[in-house]
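The values are calculated or read from the model by the stated rules, or taken from the named source; none is laboratory data. These numbers come from a predicted model, not from an experiment. Using ideal geometry, Cβ is built from the backbone for each residue, glycine included, and neighbour counts are taken over all protein chains shown. Heavy atoms of the whole protein, side chains included, go into the accessibility calculation; ligands, DNA and RNA do not. Shrake-Rupley method; radii C 1.70, N 1.55, O 1.52, S 1.80 Å.
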Amino acid sequence: MNLFSVASEADQQKNQPLAYRMRPRTLDEYIGQDAIIGEGRLLRRSIQADQLSSVIFYGPPGTGKTTLARVIANTTKRHFSTLNAVLSGVKELRYEIDEARQRLELYNRGTILFVDEVHRWNKSQQDALLPWVENGTVILIGATTENPYFEVNAALVSRSRIFQLKSLESDDLMAIAKQALADKERGYGLYEVSFEEGALEHLVSVANGDARSLLNALQLAVETSVTHFPPPHGTQISITKDAAEQSIQQKAVLYDKEGDYHFDVISAFIKSIRGSDPDATLYWLARMVNAGEDPKFIFRRMLISACEDVGLADPQAIVVVQADAQAFERIGFPEGRFHLTHAALYLATTEKSNSTLAFFDALKGVEQQAQDEVPNHLRDGNRDAKGFGHGQGYLYPHAYQDHWVAQQYLPSSLQGKVFYEPSDQGYEKSIKDKVQRHREEQLESVETDAFVENLSYSPGDKDRQRWISRTVSERGKLLQTLRKTLFEGLTIRRSDRVLVCNAGHGLLLWEAFRNTPEGLVVAQVRTADQRDHINHYAQSLSELDRPVVHCNPLDKVLDALSDQLRFEVIMGRNLFSRAKEEEQLLLKLKTRLSPEGSMHFAESVPSLGSRLSDFVSEDLQQLLRKAESTLYGDPANPLTNWTAKDLLGLFEQAGFATTSHEMDLEESRSMAEGDIRRYLDASYLPAFASQAVEVDAKKLEHELITQLAGRSLAWKHHLLFVHSFAKALPKQQPGKEDDTFSKVKKKVHSAK
């Protein structure tokens, strides 16, 4: 018998279940699923116009998939055939296809083939259907409770429209119940059925969106509330709340350990944890436990979440979940539910961070980029340090202050690459600034080609890289002190606009950026490499949040900015290296300063720093100082002919109220042979020539290389910190020092 034939015999009508009898015959009788079958919807228009293409209906049991197919069967002019995938196979399918071909060839009548539970067919069975759907011999209507994107062949899915049916709302179920109670032909309209208060609502509530479950319970409640059914027409039937409760004992939990609901519910559980919603977390946990889910599976997913969603925001999360999992192994159900709950609530209520996903960024970098060599200083030097220099230059962090030293750990081509981004949550918040500052100091202090593997070996070169450890260590401390001193006493408001000049790799830029979350940071850099490093750091930020980086000379950058843009803070380092020639640049910067703005600069004064003569023997010292008298005293040399007084005078002449202080900082520094030759060729030899001093260039070069090359030199930098204000500073009270910069005109010598 055809699944959708309408019974005409009265006795057959009586024996059919209410849920079957009440199946809608037309679209007007269909209740629910307004999102796909409501007035004006595509599916409704297709059915009404009898222009249906292949479709797959997907949804939980009792949501109307087969019923909708029955409505189509009653509406279409095409022949309607049905198969149930549980009971049918390729043999039955071939029969229906042959019939459809003959129908089309002989009578020009198309066929709609409804396949219930289509996901039950295996791949070969589904493949047997594909060519006939492809050439239009049949139009497929598939019904499935499983996700078609997983359980139905991709080829069939791609040729069909997918309509997802949802569990019915309470209002829909109430309308279906009332429809059955009022229908005199198929329902209970011939009787006067009444319900005790709350009885019908209980049936609707416990049906849990399943119309079939509701109608089955309604049938049981009505037909067991009279001594004999059917009673005479007009009989009053009263349904008590107790009868309703007995008719539908418990909500059916939709859960299949190998189906969609298994994955959907665990997904909802984990997402509730991730979203820090303890109430939803408990609900989905109870849903799984009630359905008999394996607790080991739940704990496994929570262990993953403890690292994926909580991570370093709370390093104890993994410890707590693991402890609960081990306790459950000992205790089991039912008491073990406390440990499931304890672990779930801990994860739901603790701080969250997904920074551990940085591993996959690193993995992507490994897959996409060439496999660079391990940097020489990081290699194992136990076997071949003498021959190839492996391990030489490695800095042992525990030997330095705070057990940290700036050095290169990534391959050279990845230097500056960022994978790990600490969050602002929990424990990670406490380490975020330290991680970022270390990165910035490493970028500024480490030369990418400093650690080179020896490609050959000869005796006598064992001290070649000995200087590296102190060079890098002191360089890092110097930069750290410079940044701290420049920002000390400087108040930057969250909404301020900051211009960082000569920003380098971002040493000052990121400190300013951290202080201006609602403001703007514009950086000017001198090289494309510096620009790329900063942009790499910024790529995880939204475009609106990123600092604006310009790679051009400063005067060109200032000209390119919007005419209306003014900065509350302008800062930089080594911007006025030709102090006596920088008047126009300073005036141009002044035009970009807001009325209450300030400028802050750290400048190296070359004439007060170390010179080569400080590190050589006495006889060679006297010779070098002859050249240095010209180098540092020549009025025509703009790089060296200025002092702190000259630069401060420039600011005062431009109308700034200025404070300053000076500081000597030392770093251990090494000079390679090439550095020494460049010093001689570019500076010392021309200075000797200008004084008509005759020197043996080859001999001098040899002496300098012998005395200086490869040595660790305590090189002094004399720094001038300038703080200038658009408005005059407030007058100090007698005997009190300006609080804004308490270190004015103090000299501080850093300890080695």
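What the table below lists for this structure:
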{"read-out": "Label-point separation in nm, residue 178 to residue 514, each point 7 Å along Cα→Cβ", "value": "6.5 nm"}
{"read-out": "Segments 343-355, 35-47 sorted - mean Cβ within 10 Å per residue, highest first", "value": "343-355, 35-47"}
{"read-out": "Heavy-atom accessible surface of region 570-693: percent carbon and sulfur, 1.4 Å", "value": "48 percent"}
{"read-out": "Environment charge of residue 524, counting only residues whose C-beta is closer than 13 Å and scoring Lys/Arg +1, Asp/Glu -1", "value": "+4"}
{"read-out": "Percent carbon-and-sulfur accessible area, region 498-567, ignoring ligands, DNA and RNA, probe 1.4 Å", "value": "45 percent"}
{"read-out": "Region 150-198, accessible surface, carbon-and-sulfur percent (1.4 angstrom probe)", "value": "44 percent"}
{"read-out": "Given charges at beta-carbon only (K, R positive; D, E negative), |dipole| of region 6-110 in Debye", "value": "120 debye"}
{"read-out": "Size of charge dipole - region 590-634 - debye, nearest 20, with Cβ of Lys, Arg +1 and Asp, Glu -1, no other charges", "value": "240 debye"}
{"read-out": "Relative packing of peptides 693-706, 148-161, 56-69, 524-537 - highest average C-beta neighbours within 10 Å first", "value": "56-69, 524-537, 148-161, 693-706"}
{"read-out": "Under Karplus coefficients 6.51, -1.76 and 1.60, residue-wise ³J(HN,Hα) of region 672-680 in Hz, glycine/proline x", "value": "7, 4, x, 4, 5, 4, 5, 4, 5"}
{"read-out": "Extreme residue, positive dipole direction of region 6-161, given options 69, 16, 46 (C-beta unit charges)", "value": "46"}
{"read-out": "Net charge over other residues, Cβ less than 13 angstrom from the Cβ of residue 567 (K, R count +1; D, E count -1)", "value": "+3"}
{"read-out": "Whole-number accessible area per residue in Å² for region 41-137, which is evaluated in the context of all protein chains at 1.4 Å", "value": "48 Å²"}
{"read-out": "Å² of accessible area per residue within region 553-686, as computed with a 1.4 Å probe and no ligands counted", "value": "45 Å²"}
{"read-out": "Per-peptide average of other Cβ atoms within 10 Å, ordering 657-665, 217-225 highest first", "value": "217-225, 657-665"}
{"read-out": "Separation between Cα centres of region 206-245 and region 515-546, rounded to whole Å", "value": "70 Å"}
{"read-out": "Check: region 533-649 dipole with +1 on Lys, Arg Cβ and -1 on Asp, Glu Cβ, in debye", "value": "60 debye"}
{"read-out": "Extension gain (nm, one decimal) between residue 360 and residue 726, 0.36 nm per residue minus Cα-Cα", "value": "126.9 nm"}
